[in-house]
1. Calculated FRET efficiency, LEU68 and GLU179, Cβ-Cβ r, R0 30 Å, to nearest 0.05?
2. Mean residue ellipticity at 222 nm from the helices of the chain, using -39,500 (n - 2.57) per DSSP H segment of n ≥ 4 over the full residue count, to the nearest 500 deg cm²/dmol?
3. Residues of the stretch 68-109 with amide nitrogen under 12 Å from the 7 Å Cα-to-Cβ point of LEU146?
4. With every protein chain kept in place and ligands, DNA and RNA left out, what is the accessible area per residue of the chain? Probe 1.4 Å, answer in Å².
5. Taking the Cβ-Cβ separation of GLU50 and LYS123 as r and a Förster radius of 22 Å, what is the calculated FRET efficiency to the nearest 0.05?
6. If you take the Cα Rg of the stretch 91-179 and divide it by 2.2 N^0.38 Å, with N the number of residues, what do you get?
7. At 1.4 Å probe size, with no ligands or nucleic acids counted, give the accessible surface of SER25 in Å², nearest ten.
8. Counting only protein heavy atoms, what percent of the accessible surface of the stretch 1-133 is carbon or sulfur at a 1.4 Å probe?
Amino acid sequence: MITFVTGNKNKLAEVQAILGDAITSQNIDLDELQGTYNQIITHKLQQAAEIVKGPVMVEDTALEFDALGQELPGPYIKWFLKQLGPEKLPRMLDGFDNRQGSAVCTVGYCDGPESQVHIFQGKTAGTIVDPRGPQTFGWDACFEPLGYTETYAEMAKPEKNKISHRGKAMDKFKQFLSERNSWNSL
């Protein structure tokens, strides 16, 4: 059994829909380090492993706005969303011609404290739009994946999970577990 450290019930539901019953969860308040995606996920994972003392997974989600440069607001999107809300988040791009961006999910896994850290990342390109659909899960209502006319919030959950940044990262994680024959033993 892998413990997914999250307090976000929506993330937990998506991960369980993708990975199944091999995932349990624990709500642990982890420090939010500032840095690169890999630095952030490694720090969170090492903290979680010390507490859980067994197989553990953490996840960090980012939203990049191409007009603002590389990886911005990126991993800090949580704080922008908290302050601005979904209605004002797209306003950050007012004055820019480019409203393209990418949703990024970075997943970290280790077998426990002092174990090797494994990192998996998924990325989905899209457009930052005025909110459409339910505003119940982060910035989903503001992100329209490339090639689609619906935002993540407007999509059926199975469809979103097939194309989303989280779905892509979880597919890589499942492949890793399968290759090491860990999946069937969970």
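1. 0.25
2. Working: 5 runs with 61 residues, N = 186.
Roughly -10000 deg cm²/dmol at 222 nm, from the helical runs in the chain.
3. Flagged as within label range: 100-103.
4. Values: 9100 Å² over 186 residues.
With the other protein chains kept in place, the chain gives 49 Å² per residue.
5. Between GLU50 and LYS123 the formula returns 0.15.
6. Values: Rg = 15.4 Å, N = 89, 2.2 N^0.38 = 12.1 Å.
So the stretch 91-179 has a normalised radius of gyration of 1.27.
7. 50 Å²
8. On the way: 2940 of 6350 Å².
It is 46 percent, rounded to a whole number.
The values are calculated or read from the model by the stated rules, or taken from the named source; none is laboratory data. Treat the numbers as computed from the prediction; the structure is a model and nothing was measured. Here the Cβ is made from the backbone with ideal geometry for all residues, glycine too, and neighbour counts use every protein chain on show. Note: accessible area is taken over every heavy atom of the protein model, side chains too, but ligands, DNA and RNA are not part of it. Shrake-Rupley method; radii C 1.70, N 1.55, O 1.52, S 1.80 Å.
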